Amino acid sequence: MKLDSMIRTLDDGRERIQCVEVLGKENNNLLLISVYLPSTGSRDHYEEFIDTIDQLNEIVLKYQDTHYMIIGGDLNEDLGNSDRINKRKDYLEKFVKETGLKYDNEGKKFVKVNGEECSELDYFLHKLGKIKPTHKQVMNSTINNTSDHHPIKMKILYGISNDTDCKNLTKDCKNRAVK
């Protein structure tokens, strides 16, 4: 089965957000969103952080009635650390709560230069309805990982459209896609 006819990139978001739509069975489309929120060390980090969250909010509002959603990426805030309180984290938590997104805390994924695991910054935020995701897995034994983050993964059981239904985004699939 060729997936090319069932997957398309969307123009939503700017340079910190990338969106991909997967056409699902029975109009159950899936929106995959990759995000990289600015770190606290960057110039104008607060304004850029807020702007990126606002873009995510617009995307969630646009697609929430027509798509399942998974937002994955480096949020550069530790949602599991109740001792760390700041305006950025408060804004992110408010966004998660208001949009009804869910996530799992699985432990520390960011590694300091000295090898110490110190915080959890990488998440999958999701709105999947009846689809039950597996818990987020940390792939901390990846041999060739040169990043200061451990890779993470999550699995879902999801039915994609039949390739013959979506050959070159036929009329049937175009009708199901959000414009």
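The values are calculated or read from the model by the stated rules, or taken from the named source; none is laboratory data. Keep in mind it's a predicted model, so treat the numbers as computed, not measured. With ideal geometry, Cβ positions are generated from the backbone for all residues, glycine too; neighbour counts draw on all protein chains shown.
Hey, can you tell me all the residues within the stretch 1-25 that are of a type outside the set (S, T, N, Q) and out of contact with any helix residue (DSSP H, G or I) (no Cβ under 9 Å at 6 or more places or on another chain)?
Taking the stretch 1-25 and keeping what is of a type outside the set (S, T, N, Q), we get 1-4, 6-8, 10-17, 19-25.
Met1, Lys2, Leu3, Asp4, Ile7, Arg8, Asp11, Glu15, Val20, Lys25 - these are the residues of the stretch 1-25 that are of a type outside the set (S, T, N, Q) and out of contact with any helix residue (DSSP H, G or I) (no Cβ under 9 Å at 6 or more places or on another chain).
Which residues, taken from the stretch 54-96, are in contact (Cβ under 8 Å) with a residue 40 or more places away in the chain, in a helix (DSSP H, G or I) and either among the basic types (Lys, Arg) or on the phi > 0 side of the Ramachandran plot (or both)? Selection gives Lys62, Lys87, Arg88.
Considering the conditions (1) touching a helix residue (DSSP H, G or I) at 6+ places or on another chain (Cβ under 9 Å); (2) modelled with pLDDT of 85 or more; (3) crowded, with 20+ Cβ neighbours inside 10 Å; (4) not hydrophobic (A, V, I, L, M, F, W, C), Thr66 is excluded by exactly one of them, (3).
Give Thr40, Thr9 a once-over and let me know the one that is assigned to a strand (DSSP E or B), surrounded by fewer than 18 Cβ atoms within 10 Å (Cβ to Cβ) and among the hydroxyl-bearing types (Ser, Thr, Tyr).
Values: Thr40 fails: assigned to a strand (DSSP E or B).
From the options Thr40, Thr9, the qualifying one is Thr9.
Here's the yes/no breakdown for (1) more than 28 Å from Asp90 (Cα to Cα); (2) at pLDDT below 95; (3) out of contact with any Gly (no Cβ under 7 Å at 6 or more places or on another chain):
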position: Leu3; (1), (2), (3): yes, yes, yes
position: Met6; (1), (2), (3): yes, yes, yes
position: Thr9; (1), (2), (3): yes, yes, yes
position: Arg14; (1), (2), (3): no, yes, yes
position: Asp44; (1), (2), (3): no, yes, yes
position: Lys62; (1), (2), (3): no, no, yes
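In the stretch 106-122, the condition of being under 28 Å from Val22 (Cα atoms), among the polar types (S, T, N, Q), at pLDDT below 60 and assigned to a loop (DSSP other than H, G, I, E, B) is met by no residue.
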